[in-house]
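The values are calculated or read from the model by the stated rules, or taken from the named source; none is laboratory data. Keep in mind it's a predicted model, so treat the numbers as computed, not measured. Quick reminder, even Gly has a Cβ in these numbers, built from the backbone with ideal geometry, and neighbours come from all protein chains shown.
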Amino acid sequence: MSEITTLARPYAQAIFKLAQEQADMAAWSDMLELLSQVSRDPTMGALIHSPRIDRDQLAGLFVEVCGQGINEQGANLVKLMIQNGRLGLLETVAQIYESLRADAEGKVDAEVLSAQAIDGAQQQRIATALKARLGRDVTLTCTINPELLGGAIIRAGDMVIDGSVRGRLQKLAGALN
């Protein structure tokens with residue numbers, strides 16, 4: 001996975017820089033999402049890996065499938081990635097781009113895994129506490145995981161806060177050993 005990220009990062013950074021210069025980060029988010037979806041399509045995947053289709057044909061077909069969803073620069077990105085054999089990185093490029101965009105806009109997505117459902121008031125308290133700690137606007141995604149037994153695990157960017165009963169028991173077991 002780290003190799004894929006290493007290969008995808010320069011593309012994402014170049015796109016991000018271009019999007020900043022054009023003051024059009026949202027349009028690039030939409031284009032990258034569309035490109036990522038098209039590249040994940042099973043039929044397109046078969047064409048991408050087919051030795052019978054040359055790179056120019058593949059690029060033309062890929063751009064045609066995207067239609068009005070991409071502009072000339074998006075089409076150029078597709079052609080460049082096909083020429084470099086990197087079309088399979090589109091999903092990772094899109095993820096890295098979104099991370100760069102969120103950093104620039106002062107936003108962060110946080111995931112809360114909990115043993116039970118979290119009500120709206122609790123979600124608001126968690127979001128407020130994370131905003132104070134991270135200095136960014138927080139968008140929460142809550143997921144129930146009964147294996148935690150109780151408590152919650154919060155992931156925001158590189159930060160992980162494990163307040164689950166399961167995590168505490170594992171720490172205790174590690175300390176006892």
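Any idea which of Ala27, Ala19, Ala23, Ala14 is of a type in the set (A, V, I, L, M), touching a Ser or Thr at 6+ places or on another chain (Cβ under 9 Å) and closer than 27 Å to Lys107 by Cβ? Steps first, answer last, please.
Numbers: Ala27 fails: touching a Ser or Thr at 6+ places or on another chain (Cβ under 9 Å); Ala23 fails: touching a Ser or Thr at 6+ places or on another chain (Cβ under 9 Å); Ala14 fails: touching a Ser or Thr at 6+ places or on another chain (Cβ under 9 Å).
The match here is Ala19.
Residues in region 115-135 that are without any contact (Cβ under 8 Å) to a residue 40 or more places away in the chain and either outside any helix (DSSP H, G or I) or not assigned by TED's automatic domain parsing to the domain that holds Arg155 (or both): Gln116, Ala117, Ile118, Asp119, Gly135. Give the residues of region 1-45 that are surrounded by 14 or more Cβ atoms within 10 Å (Cβ to Cβ), among the hydroxyl-bearing types (Ser, Thr, Tyr) and either farther than 22 Å from Phe62 by Cβ or not assigned by TED's automatic domain parsing to the domain that holds Gly88 (or both), sorted by residue number. Answer for region 1-45, where residues must be surrounded by 14 or more Cβ atoms within 10 Å (Cβ to Cβ), among the hydroxyl-bearing types (Ser, Thr, Tyr) and either farther than 22 Å from Phe62 by Cβ or not assigned by TED's automatic domain parsing to the domain that holds Gly88 (or both): just Thr5.
The residue pairs whose first member lies in region 161-173 and is closer than 21 Å to Arg133 by Cβ, whose second member is at pLDDT below 80, and whose beta carbons are closer than 9 Å, counting only pairs six or more residues apart or on different chains, are Asp162/Arg168; Ser164/Leu148; Ser164/Leu149; Gly167/Leu148. If we scan region 103-123, do we find a residue that is under 21 Å from Ile4 (Cβ atoms) and not charged (D, E, K, R)? No, every residue in region 103-123 fails to be under 21 Å from Ile4 (Cβ atoms) and not charged (D, E, K, R). A single member of Ala152, Ala94, Ala104 is under 30 Å from Val38 (Cα atoms), buried (at least 16 other Cβ atoms within 10 Å of the Cβ) and in contact (Cβ under 8 Å) with a residue 24 or more places away in the chain, and it is Ala94.
Here's the yes/no breakdown for (1) in the same structural domain as Met31 (by TED's automatic domain parsing); (2) crowded, with 18+ Cβ neighbours inside 10 Å; (3) touching a residue at least 40 places away in the same chain (Cβ under 8 Å):
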| residue | (1), (2), (3) |
| --- | --- |
| Leu47 | yes, no, no |
| Ile53 | yes, no, no |
| Leu61 | yes, no, no |
| Val78 | yes, yes, yes |
| Asn84 | yes, no, no |
| Gly88 | yes, no, yes |
